[in-house]
Ligand code: AMP
Ligand code: MG
């Protein structure tokens with residue numbers, strides 16, 4: 001069934017309408033500082049099932065639950081000393097914590113894909129926080145795009161992928177970070193980086209005072225849902241192209257790539273590159289002729305470049 005997908009804005013009325021829809025078990029996309037999320041009540045089986053259906057997301061891929069207050073984490077998960085340090089240091093912000101679920105956790109099991117852990121985050125975005133408060137709900141929210149595709153960083157991207165399948169989109173402009181959150185697992189004595197993001201491994205280690213392990217890049221996914229092919233445009237993507245390969249579209253980075261079709265950042269600024277990455281992949285995908293390749297210039301493997309390269313490798317992975 002095709003729905004009329006309402007366009008809501010970040011106003012009192014917009015938050016109220018979005019909150020009412022969420023309380024009725026409907027799906028509402030909303031902005032965060034990372035990417036747009038597809039929100040649903042994490043207390044409703046039907047609503048959470050709706051997320052998996054609208055995205056075509058495999059049922060083994062768990063969802064991040066968004067909370068409006070750092071104290072809410074301990075309503076759902078065991079928050080030990082280390083987790084509390086991470087929360088105090090980085091929330092609200094682009095850090096998701098995977099923690100042991102409390103035995104009588106009220107969140108529906110499907111948000112954890114049946115695991116005994118749960119992923120929690122408090123976003124640092126005024127509209128997301130207003131919506132969390134107006135709804136009074138914990139919100140399950142993966143990126144608001146069909147599973148496997150490029151994440152949305154504007155309301156228009158959300159409408160392209162999910163228009164007609166969800167009840168509303170709350171529009172508050174483009175996302176500032178542009179890459180999904182760092183995912184840190186703290187389910188036992190080990191701290192493990194499951195997904196790189198804007199909060200770096202170095203920053204985590206400095207705050208936690210211990211080593212953060214990076215699960216090796218074995219062929220098996222390091223976490224359910226860390227699929228090798230992900231974030232992928234339709235066109236084939238190749239990496240580390242310091243010149244334009246013949247016939248290819250070229251996504252540049254830094255001053256050397258002035259002739260590129262689109263540049264992630266002419267100045268070579270990694271924050272700017274992260275914020276532009278997903279939008280640029282979408283634009284190039286639209287420009288590409290059938291069978292034309294998207295070639296990407298090298299991005300240095302430092303700071304935010306670690307997270308950018310993680311997404312680019314998945315976009316380029318064999319499908
Ligand atoms: P997305 O919602 O698409 O940004 O992806 C969230 C990611 O968080 C998933 O791909 C999982 O890898 C990770 N994640 C969420 N919940 C868990 C969990 N309980 N255990 C391990 N990883 C998780
Ligand atoms: Mg996603």
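Each value in this text was obtained by applying a stated rule to the coordinates, not by laboratory testing. All values derive from a computational prediction rather than experimental measurement. Don't worry about glycine lacking a Cβ; one is built from the backbone with ideal geometry, like all the others, and counts go over all protein chains shown.
Its residue count N sets the reference 2.2 N^0.38 Å, and the alpha-carbon radius of gyration of the stretch 30-89 equals 1.31 times that reference. For the pair residue 292 and residue 6, label points projected 7 Å from Cα toward Cβ lie 4.0 nm apart.
Over the stretch 200-319, Cα pairs under 8 Å with separation of 6+ residues give a relative contact order of 33 percent. Name the residues of the stretch 277-296 whose amide N is less than 19 Å from a point 7 angstrom out from the Cα of residue 234 along the C-beta direction? Of the residues in the stretch 277-296, 278-295 have backbone N under 19 Å from the label point off residue 234. Note the angle between two axes, namely the Cα long axis of helix 12-23 and the longest principal axis of the Cα atoms of the chain, as a number of degrees from 0 to 90, rounded to the nearest 10. Approximately 70 degrees, to the nearest ten. What distance in nm separates the two pseudo spin-label positions at residue 49 and residue 24, each 7 Å out from Cα along the beta-carbon direction? Result: 1.9 nm between the two label points.
With r defined as the distance between the Cβ atoms of residue 189 and residue 269 and R0 fixed at 35 Å, what FRET efficiency is calculated, to the nearest 0.05? Efficiency for this residue pair is about 0.40. Using a cutoff of 8 angstrom between alpha carbon atoms and counting only pairs six or more residues apart, the relative contact order for the stretch 69-153 works out to 27 percent. Entry note, the stretch 33-192: relative contact order of 37 percent, from Cα contacts under 8 Å with a spacing of 6+ residues. The angle between the Cα long axis of helix 305-316 and the main principal axis of the chain comes to about 80°, on a 0 to 90 degree scale. Normalising the Debye intensity of the chain to I(0), with uniform scatterers on Cα atoms only, and taking log10 at q = 0.09 Å⁻¹ returns -0.44.
Give the separation of the Cα centroids, the stretch 182-207 to the stretch 13-53, in Å. The distance from the Cα centre of the stretch 182-207 to that of the stretch 13-53 comes to 27 Å. With the highest mean first, a sort of the peptides 2-8, 96-102, 67-73 on other beta-carbon atoms found within 10 angstrom per residue produces 96-102, 67-73, 2-8. Each peptide in 235-242, 125-132 receives the mean, over its residues, of other Cβ atoms within 10 Å, and ordering these scores from highest gives 125-132, 235-242. The length gained by stretching the chain between residue 156 and residue 84 to full extension, at 0.36 nm per residue less their Cα-Cα distance, is 22.3 nm.
Per residue, the convex hull around the alpha carbon atoms of the stretch 241-319 comes to 87 Å³.
Judged by the mean number of other Cβ atoms found within 10 Å, the most tightly packed of the peptides 104-116, 134-146 leads the ranking 134-146, 104-116. With the simple spin-label model, which puts each label point 7 Å out from Cα in the Cβ direction, the residue 243 to residue 102 separation comes to 6.2 nm.
In the chain, helices alone account for a calculated mean residue ellipticity at 222 nm of -8500 deg cm²/dmol, with every DSSP H run of four or more residues adding -39,500 (n - 2.57).
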